[in-house]
Amino acid sequence: MHPDYKRANEWSSKVIAVAIEVHRIKGSGLLESIYEKCLMRELELRGIPAENQVLVRVEYKGFTFDEPLRLDVYVDRCLIMELKAVEVVLPIHKAKLMSYMKLMDAPIGLIMNFHELILKRGIKRMILKGAGPWPSPSCARRCSGRQD
């Protein structure tokens, strides 16, 4: 199990509640940047440690560089939130989140599509390969990169 999995899993339900509150007040149809600012304010009000527009550091064979890839919201340095306001979440959005999770070694990621009329329908939870508390290595192999 990933050392940050339990902490990220605990934050997961709390940040989903935060996102639902923002969506309840603002509704659907706004720009992602508006939801991000409102979400950051609500996280702050609830005392949840989070950063937004975090620069991604990339390492390749001993070469490290900062790339202008930016995470929407990084909660307590263990959970990534990728915010969307799109009609349909595409496979490329999921691939992008998984790539960010690998680069940042974050065990859990959430895609939140604020375009949905009911936000719960627009939430996709992703777990980094091998990060979850599966009962056996064979289950971990079968469930790697799974979505809840």
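The values are calculated or read from the model by the stated rules, or taken from the named source; none is laboratory data. The model shown is predicted, which means the values in this text are computed figures rather than measured ones. Cβ coordinates were reconstructed from backbone atoms using ideal geometry, including for glycine residues, and neighbour counts include every protein chain displayed.
A few comments on the model shown:
- Any hit, region 1-19, residues being of a type in the set (S, T, Y) and touching an Asp or Glu at 6+ places or on another chain (Cβ under 7 Å): no
Let's see how each residue does on (1) under 16 Å from I111 (Cβ atoms); (2) in contact (Cβ under 8 Å) with a residue 12 or more places away in the chain; (3) hydroxyl-bearing (S, T, Y):
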position: G47; (1), (2), (3): no, no, no
position: V54; (1), (2), (3): no, yes, no
position: E67; (1), (2), (3): no, yes, no
position: I80; (1), (2), (3): yes, yes, no
position: K84; (1), (2), (3): yes, yes, no
position: V88; (1), (2), (3): yes, no, no
position: K94; (1), (2), (3): yes, yes, no
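- Checked against (1) closer than 19 Å to G122 by Cα; (2) surrounded by fewer than 19 Cβ atoms within 10 Å (Cβ to Cβ); (3) of a type in the set (G, A, S), S99 meets all criteria but (1).
- Residue count, region 22-41 (criterion: within 20 Å of D76 (Cα to Cα) and in contact with a Lys or Arg (Cβ under 9 Å, 6 or more places away or on another chain)): 3
- Some residue of region 59-68 being surrounded by 12 or more Cβ atoms within 10 Å (Cβ to Cβ) and in contact with a Leu (Cβ under 8 Å, 6 or more places away or on another chain): no
- Looking across region 80-135, the residues that are of a type outside the set (D, E), out of contact with any strand residue (DSSP E or B) (no Cβ under 9 Å at 6 or more places or on another chain) and over 17 Å from K14 (Cα atoms) come down to L90, P91, I92, A95, K102, L117, I118, K129, G130, P133, W134, P135.
- Of the strands (runs of 3 or more DSSP E) entirely within region 37-148, those holding at least 2 residues that are among the β-branched types (V, I, T), modelled with pLDDT under 95 and within 17 Å of the chain's Cα centre (by Cα) occupy 50-60.
- Of S12, S28, all but one fail to be in contact (Cβ under 8 Å) with a residue 24 or more places away in the chain, touching a His at 6+ places or on another chain (Cβ under 6 Å) and either surrounded by 15 or more Cβ atoms within 10 Å (Cβ to Cβ) or not aromatic (F, W, Y) (or both); the exception is S28.
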